[in-house]
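No value in this document is a laboratory result; all are computed from the given coordinates. Bear in mind that the values here come from a model prediction, so they are computed numbers and not experimental data. Reconstructed Cβ throughout: ideal geometry from the backbone, glycine too, with neighbour counts over all protein chains shown.
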Amino acid sequence: MTEQFTLTIQSGKNRLGEQEGFESIEIRPGDTLSIVGPTGSGKTALINDIETLAQGDTVTGRRILINGEEPPESFVREPTFKPIAMITQNTRCLADLSVEEFLLMHIRARKPGREDLLEETMTLANTFTGEAISLKSRMSGLSGGQTRSLMIADALVIGDTPILLLDEIENAGIFKNRVIQSLQRGNKAVILVTHDPYLALMADRRIVMKYGGVASVIESNGEEQYLIEDLALIEDRLHQIREKLRQGAAFSSVSSKVLITPVKQSLQLNRV
Amino acid sequence: MIKMKLLIIAGPPSGGKTAVIRQVIKNLPEGSLPAFLKIDVVHATEDQELAEEFDIPVKKIYSGDVCPDHMGILVLDDALRWAESLSRNILIIESAGLCLRCTPYTTYSLGIAVVSAISGTNSPLKMAPLLALADVAVVTKTDLVSQAEKEVFRESIRKVVSNIDIVETNAIQGTGLRYLMRRIADHPDIGSDPIVLRGAPPLGVCTVCIGKKEVGWKNHFGVIRPLDMPEPLYRGD
């Protein structure tokens, strides 16, 4: 989709009936926003409001505008016009179809006539997961990591929408960095719910949730940059250890030093 | 002619029919006076729950050995008169259709098929007539599936009926039901012609099963039942 969208979230009320901690949030192509907060604080409800383009008809009373206006009904109801793709927390697909049938049906819903997107989706999905997905696999038989990888590739290739919503993508076995790189390509607005400090901090803005509503919106002003760099190193280390563990490695007391963060970085972390 | 809207809501068990009805009653346009009829096979408590929650007249009928949609066809005109006698202007009928080959929808009614998004991609194909003759397909539990899966399910419904009005919802929260409420508000009252079924039920031996579409037990032979009769009775040779 080449059209440029501005998405506006107009505030509603939290579970205590209080007005949320913002008036409106504007989101443009290329923006990345993270949504953080404890379990039950309303993170998923917020992206559900965005996905369904709520018009004051959900529990929060929020309204979602596109280009400053109430979106036309087709944006909400017709997948071919919908400017939003969402990847949910679900790591199980219940559809009793093969991967090929599923993707072809979704292409028919989103991009009729573009059967060529099937191969592109599969290739991308297989870069996100270590366990290869085949066209003949049953959707309901895919592992959590495979389902998540396929859904992200589906949203990027078949959905190909200007706005992408992701709900806790870090929890399934996927190559997170490759996913993030793919997301940031192509001038999309990306809104992600996350408990992952690295993902939360690398967004331009951070929406903080409490009691079912938005408590505050924190703008990144560059001061957190060193922390992001630290976390990237820690991430890298964790990744290496995790991969070794998965391969069945045992660690001696000497090699367990790998767990200790270099002095310089830990000092910087302490400053936070 | 009575001033009454007729909503007929059908779908497989545990699909979310009652959750949808709850939202419908809660959000009816001002001046609406609903009455509710529940047709089930052996056990149902929804009628009492709705009566307590919304303080509306309700009625329940157990079909026992008879198909619930068959029962619905027989008691429909009695039920309309019951609702009218209580000065109601919307009659909501919830039918626990069993084999899903029947279509409880009649002329003048707004036929609403409730189908859960987690019931499997091929389920719309299996309940074809129940879906094909409905005016609106309400897809429930959409919060439990991914967006891609929701859109594939929608495509599966479109395969059965290409132009049906599809409303996707998490009926517990009521998301997306504004489109259903608009449809209900715009739906006309029943007219003066006799009410008949939209489709013929599967082949059988009773007058309903052989395709006689008139509603009301007076128009049928075989196993019949007026609304206020405790047991079905047999009429015929």
- Determine whether segment A:32-53 contains at least one residue that is touching a strand residue (DSSP E or B) at 6+ places or on another chain (Cβ under 8 Å), facing chain B (nearest Cβ under 8 Å), part of a loop (DSSP other than H, G, I, E, B) and among the aliphatic types (A, V, I, L, M). no
- Note: among A:Leu166, A:Leu150, A:Leu135, A:Leu103, just one is of a type outside the set (Gly, Ala, Ser), more than 9 Å from chain B (Cβ to nearest Cβ) and not in a loop (DSSP other than H, G, I, E, B), namely A:Leu166
- Query: Any chance segment A:211-221 includes a residue that's touching a helix residue (DSSP H, G or I) at 6+ places or on another chain (Cβ under 8 Å) and exposed (fewer than 15 other Cβ atoms within 10 Å of the Cβ)?
  - Reply: no
- Query: Within segment B:212-233, is there a residue that is surrounded by fewer than 13 Cβ atoms within 10 Å (Cβ to Cβ) and not in a loop (DSSP other than H, G, I, E, B)?
  - Reply: yes
- Message: Anything in segment A:118-132 that is surrounded by 18 or more Cβ atoms within 10 Å (Cβ to Cβ) and away from every other protein chain (no Cβ under 13 Å)? List them, or say none.
- Response: A:Leu118, A:Met122, A:Leu124, A:Phe128, A:Thr129
- Note on the structure: Subset of segment A:54-80, residues facing chain B (nearest Cβ under 9 Å) and assigned to a loop (DSSP other than H, G, I, E, B), comes to A:Ala54, A:Asp57, A:Thr58, A:Val59, A:Pro79
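To keep it simple, each residue is scored yes or no on (1) out of contact with any Leu (no Cβ under 8 Å at 6 or more places or on another chain); (2) within 27 Å of B:Asp193 (Cβ to Cβ); (3) buried (at least 24 other Cβ atoms within 10 Å of the Cβ); (4) of a type in the set (Val, Ile, Thr).
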{"site": "B:Lys3", "(1), (2), (3), (4)": "yes, yes, no, no"}
{"site": "B:Asn27", "(1), (2), (3), (4)": "no, no, no, no"}
{"site": "B:Lys59", "(1), (2), (3), (4)": "no, yes, no, no"}
{"site": "B:Ile118", "(1), (2), (3), (4)": "no, no, no, yes"}
- Determine whether segment A:81-98 contains at least one residue that is within 23 Å of the chain's Cα centre (by Cα), surrounded by fewer than 17 Cβ atoms within 10 Å (Cβ to Cβ), free of Cβ contacts under 8 Å to residues at least 24 places away in the same chain and more than 8 Å from chain B (Cβ to nearest Cβ). yes
- Query: Out of (1) within 18 Å of B:Leu110 (Cα to Cα); (2) surrounded by fewer than 23 Cβ atoms within 10 Å (Cβ to Cβ), what's the single condition that is false for B:Leu86?
  - Reply: (1)
- What are the pairs, 6+ residues apart or on separate chains, where a residue within segment B:150-171 that is within 11 Å of another protein chain (Cβ to nearest Cβ) has its Cβ under 8 Å from a residue that is polar (S, T, N, Q) and assigned to a strand (DSSP E or B)? B:Thr169/B:Thr140; B:Asn170/B:Thr140
